[in-house]
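I have placed the structure first, in the form of structure tokens, so that the comments after it can refer back to it.
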Amino acid sequence: MLLKRLIKISIIAFVLALLGLCTAFAQSSELSFTKASSSDGVVLTVSGSAKSIYMVFMEAPAEYTVNGKSVDNAYFLQQFVTLDSCTTITIDGAKPSEIHVFDGTDVPEWVHIWQAPCEQADILLFSSHADDEQLFFAGLLPYYTQVRNLEVQVVYATDHLSQLSRHQERLNGLYAVGVRHYPVSSGYNDMYSESYDQALANLKPYGISEDDIIAWEKEVINRFKPQLIVTHDVNGEYGHGMHILLNGSLRKALANAETDFPFLMKVYFHLYDKNQISFDLIDRSFDELGGLTPFQVTQQKGFAAHESQHWTWFKRWIYGSNGNITKASEIATYSPLIYGCWYSNAEPDTAKNDLFENLTSYEEQRLALEAEIEEQQRQAQLEAEAEAARLAEIQAQAEKHQRLMRLGMIGLALIIIVIVIFLICSGRRNQSDKPSKKKRTRGYQSKH
């Protein structure tokens, strides 16, 4: 009977603990609200106590505030902002196209919490269009962001100014494959062309010259200080002029790479026919990707987000006519496996399946430097302790010598005192002996 009661109590305790654990990890709930437009924004009246808000914009707003506080990186088209508990939210200076309010900060996965662009990028991917990073560079982003945990910055040479929905597709695709640093764009509109010169001619009416493009590329490289740059095929894969222009202008920007960009270690071009590697790592499954391959992550999550492009031949290219492609190695044309090293200031590739081979991430460099500094400090401490011990030993020996000297002096002084006392005593004894002799002499004389 007692045993049954103990078992029952144990079961109840376990259930309560499990409920407590579930509560601890409970996701924030989305709150309902009413929205009223103001002259320069919106005011939300929330049904409960709001602690965060997620906003989506079709066009980048200027600076704006939420409940009187300026929003960091206000140009983000997807913005997550934490709040002090409140029932009214005032957005001044912007009108989001989509708003979600939560009663906490542990929000669903579909909420994208973007970080600022990299300060130092391990890898800088120059992509011409929104979707190229998921096509011709398929697998690269999930592998290097999620498997290798490198700092990856994506930069676009075109901005799709006439197709605003592609901005959201771009962000959704990047976030889905593991990119967390907000992408950067040139601001150049996308116009189809089939050559370097034609692509330049399309930009000329907008006041954009070849020199402007090269200057922009140099500015981007200096801003992010990448160790590795990756970009399009010299021939623009299927011959797109913007791909060709990006590659050609970048080669000019990097003409003096060793002196202009000393931090840059490697540059790879897709399909480049020299110093080639086969990036077959993207066809291997990884626990970090839930057992998927990097290529499959791009297929299922990355390019899947670019719904506006699913009517094109790109869909058949990456999925196959009947969805039969599951590996990058099964793509025959413009293979996402093939890259060639155009520039290197690093040791030559030997494995030839990793663009980042023989490079050390900035984070690893930082940790190594910290470890080196700690080791130097430890050695300095040990040396200081050894020196202190040596000085203490010298001091102890000196003090011992001084003590011996003092003892010697005391001993000498005692000897001297003893000698003096002895001499004094001897002298007195001699003096006391002399008068008695005189008396005896006188007495002897008197008898005669």
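Rule-based calculations on the coordinates, nothing more; no lab input. Model, not experiment: these values are computed from the prediction. Every residue, glycine among them, receives a Cβ derived from its backbone with ideal geometry; neighbour counts consider all protein chains shown.
Springs between alpha-carbon pairs under 10 angstrom, Gaussian network model over the chain: which of A388, A62, A371 fluctuates most?
A388
Along the three principal axes, how long is the chain when you take its alpha carbons, biggest first, rounded to the nearest angstrom?
167, 76, 60
Given N residues in the range 30-102, what is Rg(Cα) / (2.2 N^0.38 Å)? Can you show the working numbers first?
Details: Rg = 10.9 Å, N = 73, 2.2 N^0.38 = 11.2 Å.
In units of the globular-protein estimate, the range 30-102 measures up at 0.97.
If you plug each phi of the range 234-239 into the Karplus form 6.51 cos²θ - 1.76 cosθ + 1.60 with θ = phi - 60°, what whole-Hz ³J(HN,Hα) values come out, in order, with x for Gly and Pro?
Computed from phi, the couplings for the range 234-239 are 4, 8, x, 6, 8, x Hz.
Work out the FRET efficiency for Q365 and S308 from their Cβ-Cβ distance, taking R0 = 56 Å, and round it to the nearest 0.05. Write down the numbers at each step before the final one.
Values: r = 40 Å, r/R0 = 0.72.
Here the calculated transfer efficiency is 0.90.
Can you list residues whose amide H is under 5 Å from I229's amide H, if they're 5+ apart or on another chain and H is modeled 1.01 Å from N?
Result for I229 returns L124, K266, V267, Y268.
Relative contact order for the range 30-102 using alpha-carbon pairs under 8 Å, separation at least 6, rounded to a whole percent?
Working: 165 pairs, mean separation 32.5, N = 73.
This gives 45 percent for the range 30-102.
Where does each of Y143, Y339 land when they are ranked from fewest to most other beta-carbon atoms within 10 angstrom? Please report the intermediate quantities before stating the final value.
Numbers: Y143 28, Y339 23.
Arranged by neighbour count, lowest to highest, Y143, Y339 become Y339, Y143.
Can you work out the Karplus-derived ³J(HN,Hα) for every residue in the range 268-283? Use 6.51 cos²θ - 1.76 cosθ + 1.60 with θ = phi - 60°, whole Hz, and x for glycine or proline.
Running phi through 6.51 cos²θ - 1.76 cosθ + 1.60 with θ = phi - 60° gives 10, 10, 5, 6, 4, 8, 10, 6, 6, 10, 10, 7, 6, 4, 6, 9 Hz.
Just want the ordering: C341, C425, from fewest to most Cβ atoms lying within 10 Å of their own Cβ. Intermediate results must be reported in sequence, preceding the final value.
Working: C341 21, C425 10.
Starting with the residue having the fewest Cβ neighbours, the order is C425, C341.
I need the phi-derived Karplus couplings for the range 204-214: 6.51 cos²θ - 1.76 cosθ + 1.60, θ = phi - 60°, integer Hz, Gly and Pro marked x.
Couplings: 4, x, 8, x, 10, 10, 4, 4, 5, 5, 4 Hz.
So what is the relative contact order of the chain, in percent, for Cα pairs below 8 Å that sit 6 or more residues apart? Mind dumping the intermediate values first?
Details: 705 pairs, mean separation 55.7, N = 448.
Here the relative contact order equals 12 percent.
Sticking to Cα atoms, compute the Rg of the range 123-368 to one decimal and its Dmax as the biggest Cα-Cα distance, whole number, in Å.
Cα only, the range 123-368: 17.0, 50 Å (Rg, Dmax).
Using a Gaussian network model of the chain with C-alpha springs under 10 Å, which one of S37, S165, S185 is most mobile by mean-square fluctuation?
Result: S37 has the largest fluctuation of those listed.
For the chain, what is the calculated [θ] at 222 nm in deg cm²/dmol (nearest 500), taking -39500 (n - 2.57) for each run of four or more DSSP H residues and dividing by its residue count? Don't skip to the answer; put the middle values down first.
Working: 10 runs with 176 residues, N = 448.
It comes out at -13500 deg cm²/dmol, rounded to the nearest 500.
Based only on other Cβ atoms within 10 Å, what is the fewest-to-most ordering of H240, H181?
Values: H240 22, H181 19.
With the sparsest Cβ surroundings first, the list reads H181, H240.
Positive end of the dipole of the chain, charges at C-beta (+1 Lys, Arg; -1 Asp, Glu), about the Cα centre: which of Q402, Q276, A388 has its Cα farthest in that direction?
Of the listed residues, the answer is Q402.
If you only keep lysine pairs separated by 8 or more in sequence, or across chains, how many in the range 123-368 come under 30 Å at the Cα atoms?
28
For the residue pair S285 and S426, what label-to-label distance in nm results when each label sits 7 Å from Cα along the Cα-to-beta-carbon direction?
Reported label-point gap for S285 and S426 is 11.0 nm.
What Kirkwood Rh does the range 190-256 have if only Cα atoms enter the pairwise 1/r average? Answer in Å. Before the final figure, lay out the partial values.
On the way: mean 1/r = 0.0814 Å⁻¹.
Taking the inverse mean of 1/r over all distinct Cα pairs, the range 190-256 comes out at 12.3 Å.
In a solvent-free Debye calculation with one equal scatterer on each Cα, what is log10 I(q)/I(0) for the range 89-147 at q = 0.13 Å⁻¹, listed in the order of the q values?
-0.62
One quarter of the convex hull surface, Cα atoms only: what value does that give for the range 250-344 in nm²?
On the way: hull surface 32.3 nm².
Over all viewing directions, the range 250-344 projects a mean Cα-hull area of 8.1 nm².
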